[in-house]
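Presented below is the structure to which this report refers.
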Amino acid sequence: MRFTRITIIRIKKPEQDHINEELRFLGESLGLFNERDKDKSCFRIFIALLKSLKTNHRLTSDEIADRTNLTRGTVVHHLNRLMESGIVVNQKGYYILAVDNMEELVELVKNNLTKTFDNLKPIARNIDKKLEL
């Protein structure tokens with residue numbers, strides 16, 4: 001799996017041991033949910049996909065729209081963003097999380113970040129050499 005875009009944001013960890021706050025913290029740390037998402041659309045979509053993991057049920061964009069009380073257009077917009085980050089995959093019109101649990105999600109992001117930095121290092125070294133730094 002390859003991430004095309006992901007943003008890591010260092011934010012304050014929630015003080016309470018509350019599942020919704022922890023999920024929001026995880027998503028905000030990965031740049032998935034932000035203050036511009038006033039009605040928490042992306043968060044609600046993420047939660048619907050997360051719940052579908054428990055039942056092993058893949059969801060269509062229409063099903064996600066019904067479960068989240070969002071328009072299909074809003075759902076598709078956020079699904080595209082989640083797919084762009086590599087966290088969601090589309091399998092023949094059905095959407096699922098790319099991993100089986102949240103720990104795997106964090107590990108997936110970590111591995112992809114490591115690969116990205118490993119690819120950047122020789123480029124940076126080459127630039128330094130050319131600039132005689």
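All but one of (1) crowded, with 17+ Cβ neighbours inside 10 Å; (2) under 23 Å from ILE8 (Cα atoms) hold for LYS121; state the number of the condition that does not hold.
(1)
Restricting to region 19-36, name every residue that is under 18 Å from THR74 (Cβ atoms) and exposed (fewer than 15 other Cβ atoms within 10 Å of the Cβ).
Listed by number, the residues that qualify are ASN34, GLU35, ARG36.
Would you say ARG44 is among the basic types (Lys, Arg), modelled with pLDDT of 90 or more and surrounded by 11 or more Cβ atoms within 10 Å (Cβ to Cβ)?
Spelling it out, ARG44 is indeed among the basic types (Lys, Arg), modelled with pLDDT of 90 or more and surrounded by 11 or more Cβ atoms within 10 Å (Cβ to Cβ).
Against the conditions (1) exposed (fewer than 12 other Cβ atoms within 10 Å of the Cβ); (2) on the phi < 0 side of the Ramachandran plot; (3) of a type outside the set (Asp, Glu), where does ASN56 fall short? Just the number, please.
In the conditions (1) exposed (fewer than 12 other Cβ atoms within 10 Å of the Cβ); (2) on the phi < 0 side of the Ramachandran plot; (3) of a type outside the set (Asp, Glu), ASN56 misses (2) alone.
Mind checking which residues of region 38-59 are without any contact (Cβ under 8 Å) to a residue 24 or more places away in the chain and either closer than 20 Å to GLU84 by Cα or part of a helix (DSSP H, G or I) (or both)?
Selection gives LYS40, PHE43, ALA48, LYS51, LYS54, THR55.
May I ask you to list the residues in region 77-96 that are buried (at least 17 other Cβ atoms within 10 Å of the Cβ) and over 18 Å from THR7 (Cα atoms)?
Passing the criteria: TYR95, ILE96.
The values are calculated or read from the model by the stated rules, or taken from the named source; none is laboratory data. Everything numeric here is computed off the predicted structure, so don't read it as measured data. Glycine gets a Cβ as well: all are built from the backbone with ideal geometry, and neighbour counts include every protein chain shown.
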